[in-house]
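The values are calculated or read from the model by the stated rules, or taken from the named source; none is laboratory data. This structure is a prediction, so every number in the text was calculated from the model and none was measured. Glycine also receives a Cβ, built like all others from the backbone with ideal geometry; neighbour counts cover every protein chain displayed.
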Amino acid sequence: MSTSGPVLTIRQKSELEKAILDFLSNQGYTNSFLALQAESNNSDFTPSPTDRHHNLLAKKWTSVIRLQKKIIELEGKVQEFQEKLKSNVRITTKTGDVLPKPPSKFQLTQHRAPITRVAFHPSHTILASSSEDMTIKLWDFESGEFERTLKGHTKTVHGISFDPKGLYIASCSSDLTVRVWDSQNDYKNIKTLYGHDHSVSSVCFLGPDKIISASRDKTIKIWEFNTGYCIKTITGHAEWVRFVSVSEDNKLIVSASNDQSIRVWDASTGECKQDLRGHENVVECAFIAPVATYPFIHQLLALDSKTKIDPTPGQYVFSCSRDKTIKLWDCTGQSVFTFVSSMIFSVGHDNWVRGLCFHPSGKYIISVSDDKLMKIWDLSNGRCKKSFEAASHFVTSIDYCSFANVVATGSVDTSVSIWECQ
């Protein structure tokens, strides 16, 4: 006998049954609840407000309605664009001028301690946040709804990162471990990587098959995803390595350290290609500039407009420091521009600069600081275009969604804020 409709896995079927049982119990449908409980062999299931199935059915239902509405809106826009194309009307976009605007759309307040990192899923409306409360929390940033808590670390969670497809989350902690969580398996902790001798302060994926971690033990480690083995340990920094990130083509790694330096490494060999020095305090984070920023950096540095832009990732690096500055470095290892407070106009940050992200147009960088502010910098002239208070306490982290005009920030005040770009 054939069956119609989608076929659920055993785990999906069990999850659906429990969600329905929770709904029936909440609505007072006692007879139906008891009947389904018996027929589905879930006699041991007891509805509870703390259970992850609590209100799950209602949440999923409202999510479906919301997505249907979004689809209708998008279909309308597609039809509008098609009509304009047929009539040869030029379609313009304001992506380059769409910037975060206060007030925040949502303030997410489930954490019980300062936020250490925020990270968007690469393709779904999911935001992850890590905290000193030893947990990772997942949110639907479109609705502002809390989704779930990932527990396993036994000390502060310092960093989180999605893999390129969003199938896994890597996290790192003061408990000396890197953990991997599987989104396809109810976000279960499927791997725990041991090897660092001190707090692990930053983690990111190097393509789909490797993980990079940075630690207070002064090392950077590269792990093979499938086996969980450490395949390379990179040394060179003299003090705590606070942050690590990779270039767009996954060929370069950049690290930031308490030794006040930024280092660029060859991802395949572990060789140090550049040792960037010029900051006067701890360097909180560093990023290899996306290729999209190159035309605007050329304007900033007043390079000859006829100079051909080399589209190879790794031409420029941005760094944020406790010396209250953001620095731009070129491929020769020189600091070529500093985004800093002016003696006349207070345009720069007045406290530690803790995080930075890039606008998708390449024209802007957005920074956050312990001065509680978010600042938007125009890369074509180096000026602060916009500045506003982003939290009631130090702002520790920022991320820009890769597929929606949304920015997230995390703060010592334990809140995560969602900012719409307009």
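Of note:
- The residues listed here are F394, F403; of these, the one that is among the hydrophobic types (A, V, I, L, M, F, W, C) and modelled with pLDDT under 95 is F403.
- Taking the criterion of being on the phi < 0 side of the Ramachandran plot and surrounded by fewer than 21 Cβ atoms within 10 Å (Cβ to Cβ), the residues of the stretch 164-176 that qualify are P164, K165, L167, S174, D175.
- Subset of the stretch 247-272 that is surrounded by fewer than 19 Cβ atoms within 10 Å (Cβ to Cβ) and assigned to a strand (DSSP E or B) - its residue that is farthest from the chain's Cα centre (by Cα): C272
- Residue in the stretch 318-334 that is farther than 26 Å from I115 by Cα and among the polar types (S, T, N, Q) present: yes
- Subset of the stretch 135-163 that is surrounded by fewer than 19 Cβ atoms within 10 Å (Cβ to Cβ) and outside any strand (DSSP E or B) - its residue that is nearest to the chain's Cα centre (by Cα): G144
- Qualifying residue in the stretch 264-273 (condition: closer than 25 Å to L99 by Cα and of a type in the set (F, W, Y)): no
- Of all residues in the stretch 247-273, none that is within 16 Å of G207 (Cβ to Cβ) has its Cβ atom under 9 Å from the Cβ atom of a residue that is aromatic (F, W, Y) and surrounded by fewer than 20 Cβ atoms within 10 Å (Cβ to Cβ), 6 or more apart or on another chain.
- Some residue of the stretch 67-74 being at pLDDT 85 or above, out of contact with any Pro (no Cβ under 6 Å at 6 or more places or on another chain) and either loosely packed, with under 12 Cβ neighbours inside 10 Å or in a loop (DSSP other than H, G, I, E, B) (or both): no
- All strands (runs of 3 or more DSSP E) inside the stretch 313-381 with 1 or more residues being small (G, A, S) and in contact (Cβ under 8 Å) with a residue 24 or more places away in the chain: 316-321, 335-339, 353-358, 364-369
- Among the residues making up the stretch 380-391, those that are surrounded by 19 or more Cβ atoms within 10 Å (Cβ to Cβ) and either of a type in the set (F, W, Y) or at pLDDT 95 or above (or both) are A390, A391.
- For F337, the requirement of being out of contact with any Asp or Glu (no Cβ under 8 Å at 6 or more places or on another chain) and modelled with pLDDT under 95 is not met.
- The residue that is farthest from S161 (Cα to Cα), among those in the stretch 199-209 that are touching a residue at least 40 places away in the same chain (Cβ under 8 Å) and not aliphatic (A, V, I, L, M), is S199.
- Residue selected from the stretch 75-98 under the condition among the small types (G, A, S) and either modelled with pLDDT of 65 or more or surrounded by 10 or more Cβ atoms within 10 Å (Cβ to Cβ) (or both), by the criterion nearest to the chain's Cα centre (by Cα): G96
- Flag for I365 being closer than 28 Å to V118 by Cβ, in the same structural domain as L99 (by TED's automatic domain parsing) and touching a Phe, Trp or Tyr at 6+ places or on another chain (Cβ under 8 Å): yes
- Answer residue from the stretch 236-246, given it is in contact with a Ser or Thr (Cβ under 9 Å, 6 or more places away or on another chain) and not aromatic (F, W, Y) and is farthest from A170 (Cα to Cα) among those: A238
- Test: residue in the stretch 197-207 that is crowded, with 18+ Cβ neighbours inside 10 Å, within 13 Å of I136 (Cβ to Cβ) and within 16 Å of the chain's Cα centre (by Cα): yes
- Any hit, the stretch 259-266, residues being among the aromatic types (F, W, Y) and within 18 Å of A170 (Cα to Cα): no
- For the stretch 16-30, a tally of residues being in contact with a helix residue (DSSP H, G or I) (Cβ under 9 Å, 6 or more places away or on another chain) and more than 14 Å from N55 (Cβ to Cβ) returns 4.
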